[in-house]
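Q: This structure is in structure tokens; I'll ask about it shortly.
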Amino acid sequence: MSQVIDIFTSKGFTVQEMVALAGGHTIGFSHCKQFSNRLFNFSKTSETDPIYNPQYAAGLKKLCQNYQQDPSMSAYNDVMTPNKFDNMYFKNLKRGLGLLATDSLMFEDKRTKPFVELYATDQTKFFEDFGNAMRKVSVLHVKAGKEGEIRHRCDTFNKLNDNL
């Protein structure tokens with residue numbers, strides 16, 4: 001968690017803003033490859049990460065059992081309300097349903113846990129803080145003039161697209 005906090009603080013974000021931004025994981029998915037190390041051969045003493053809820057871990061193991069043959073295998077970041085922007089992601093962390101290691105660690109770390117608990121109980125506060133943090137992200141390292149570009153496709157640079 002220290003490494004993640006350092007990355008965000010080096011960009012001018014507070015720990016609370018970092019936690020609010022992580023709440024964006026309430027929608028979307030992650031490929032099994034991104035968290036498989038928590039499911040298979042986690043440690044010498046535990047096959048899976050003990051932070052996971054046991055039933056959740058079992059379901060993920062079944063879902064991701066063939067992820068090496070099929071790299072498109074993925075799971076929702078928020079298993080309860082995957083297509084709804086809400087505070088369920090934070091409630092899930094308290095239940096051992098954090099998909100990514102950094103998600104789970106936010107409920108374990110004393111610097112981030114108070115904000116996880118706050119957002120799990122106060123969706124309005126989460127929405128407010130997420131919006132403010134996103135506004136801050138939107139102006140971070142903006143390139144203007146000849147240093148920037150308006151992309152024709154949001155997922156790649158124009159120069160790469162022009163060669164397609």
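Q: Given the peptides 152-158, 55-61, 95-101, arrange them by the average over their residues of other C-beta atoms within 10 Å, most packed first.
A: Ranked by mean Cβ neighbours within 10 Å, highest first: 95-101, 55-61, 152-158.
Q: Using 5 Å bins from zero, what percent of all Cα-Cα pairs in the chain falls into each bin?
A: The calculated distribution, bin by bin, is 1, 8, 15, 17, 17, 15, 12, 9, 4, 1, 0, 0.
Q: Among the listed pairs K11/K61; K62/K125; K44/K110, which have their C-alpha atoms separated by more than 31 angstrom in this model? Let's see the in-between values first.
A: Details: K11/K61 36 Å; K62/K125 36 Å; K44/K110 26 Å.
The pairs that break the limit, which is 31 Å between Cα atoms, are K11/K61; K62/K125.
Q: Name the residues of segment 75-94 whose amide N is less than 20 Å from a point 7 angstrom out from the Cα of E128 along the C-beta direction?
A: Of the residues in segment 75-94, 85-91 have backbone N under 20 Å from the label point off E128.
Q: Expressed as a whole percent, how much of the Cα-Cα distance distribution for segment 71-164 exceeds 19 Å?
A: Numbers: 2582 of 4371 pairs.
The answer is 59 percent, as a whole percent.
Q: Now a separate question. How much length would be gained if the chain were fully extended between T81 and K159, taking 0.36 nm per residue of separation minus their Cα-Cα distance, in nm to one decimal?
A: My answer for the length gained is 24.3 nm.
Q: Also, I was wondering about something else. Tell me, what does the Kirkwood hydrodynamic radius of segment 11-104 come to in angstroms if you use every pair of distinct C-alpha atoms?
A: On the way: mean 1/r = 0.0725 Å⁻¹.
Computed over Cα pairs of segment 11-104, the Kirkwood hydrodynamic radius comes out at 13.8 Å.
Q: Counting pairs of alpha carbon atoms under 8 Å apart in space and at least six apart in sequence, what relative contact order in percent does segment 24-93 give?
A: On the way: 86 pairs, mean separation 34.1, N = 70.
Over segment 24-93, the number comes to 49 percent.
Q: Now for a different question. Per the 1.4 Å probe, what fraction of the accessible area of segment 1-137, in percent, lies on carbon and sulfur atoms?
A: Values: 4110 of 7540 Å².
Summing carbon and sulfur atoms, their accessible area is 54 percent of the total for segment 1-137.
Q: Could I ask something else about it? Quick check: the distance between the Cα centres of segment 34-52 and segment 91-124, to the nearest angstrom?
A: 19 Å
Q: What's the FRET efficiency of N66 with A144 using the Cβ-Cβ distance as r and R₀ = 45 Å, to the nearest 0.05?
A: Numbers: r = 46 Å, r/R0 = 1.03.
Approximately 0.45, to the nearest 0.05.
Q: From largest accessible area down, sort D49, D122, D6; use a 1.4 Å probe on the protein chains. If you can, show how the numbers build up before the last one.
A: Numbers: D49 15, D122 55, D6 95 Å².
Sorted descending by solvent-accessible area, the residues read D6, D122, D49.
Q: Still on this model: For the chain, what does the accessible surface come to per residue with a 1.4 Å probe? Please give it in Å².
A: Working: 10330 Å² over 164 residues.
I get 63 Å² per residue for this part.
Q: Now for a separate question. Build a GNM of the chain with springs between Cα atoms under 10 Å: which of G131, G145, G24 gets the top mean-square fluctuation?
A: G145
The values are calculated or read from the model by the stated rules, or taken from the named source; none is laboratory data. As the structure is a prediction and not an experimental result, all values here were calculated from the model. With ideal geometry, Cβ positions are generated from the backbone for all residues, glycine too; neighbour counts draw on all protein chains shown. Surface accessibility is based on the protein's heavy atoms, side chains included, excluding ligands, DNA and RNA. Shrake-Rupley method; radii C 1.70, N 1.55, O 1.52, S 1.80 Å.
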